[in-house]
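Please read the structure below before turning to the comments.
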Amino acid sequence: MSDQDNSVNTNTRVLKTYQEARLQNIENLRKLVVDAAATLLQEEGPEAVTVRKVAQKMDCSTKIIYSLFVNKEGLAQQLYLEGCKLLANEFERTPQAADPAQHLLNLGETFWQFGQRYSSYYKLMFGGAFADFKPDEESMHGTVTAMRQLLTVVSNAQERGLIPGQYDTESVVSIVWASLHGVIHLYMGGHLGDVQSAYAVYKQTLSLISRSLLPDHNA
C-alpha cells in the first residue's frame, strides 16, 4: 500500500472520543436488554417480563438492568416504543387502494392481524398489561407515528369532501381506533367467543364504520 493510500485511510478514519464510545456501548447494551425483554414478551407474555427474568436471560445482575432503565416501567416504555415501530411497519406494508373506503378496510384488517400476531405487544400497548406503566409523551408520540397511515387516509378523504367536515381528523381517527380496539379488547378478555366469532364481529364493526364515514364509497 502506498503512502498516499495510508494518508487517505488516516484522513477518512472516524475517531471516537472515550465518552462517545462509552455512550455507544451503553446504547448497544440497552438494545440487547430490550431484545431480551421483547423475546420474553412474545414467548411468555407480559407477566414474564420482570427485571429478574430479563437479567437471567441476559446472564447479568439486576443492578445492570436498573442502571440502564431505572425501573421496570422504564423497560416497559422501550417495549412500548418497539411495539409502535412494529405497528407502523405493518401499516406501511398494508396494500394501498385508490378507493378510501377500501384503504380504510385494509388498514382495519392490518390492525386486527397485528393484535393476533403480536398479542403480547398489543396487551402491553393497549391492554394495560403492565399495571404501573402509563405511556408518557414520547410513547404517545410513538403511537401517533404508528397510526400515521390511518391519519393520512382520513385526512385525504376529508380534503376531497368524502367525509363530513363536522369532525376534525384526530377525532375521526380516535372514533375508528376506539371502536376497533374495543372489539379486540373484548375478544382478548374472553367476551366474544373463539377467534372466528370475534373476527366476524370485528369485520362487521369495520364495515359499519366505513359505511358511516364514506357512504358513497361502499357497495
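Odds and ends about this structure:
- Sole exception among (1) at negative phi; (2) within 20 Å of the chain's Cα centre (by Cα); (3) not aliphatic (A, V, I, L, M) for PRO164, by number: (2)
- Test: residue in the range 90-99 that is touching a residue at least 60 places away in the same chain (Cβ under 8 Å), of a type outside the set (Gly, Ala, Ser) and outside any helix (DSSP H, G or I): yes
- Flag if ALA178 is without any contact (Cβ under 8 Å) to a residue 24 or more places away in the chain, in a helix (DSSP H, G or I) and either loosely packed, with under 13 Cβ neighbours inside 10 Å or touching an Asp or Glu at 6+ places or on another chain (Cβ under 6 Å) (or both): yes
Since every read-out is calculated from the coordinates, none of them should be taken as a lab result. Fair warning: this is a prediction, and the values are worked out from it, not measured in the lab. In this analysis, Cβ positions are derived from the backbone assuming ideal geometry, glycine residues included, and neighbour counts consider all displayed protein chains.
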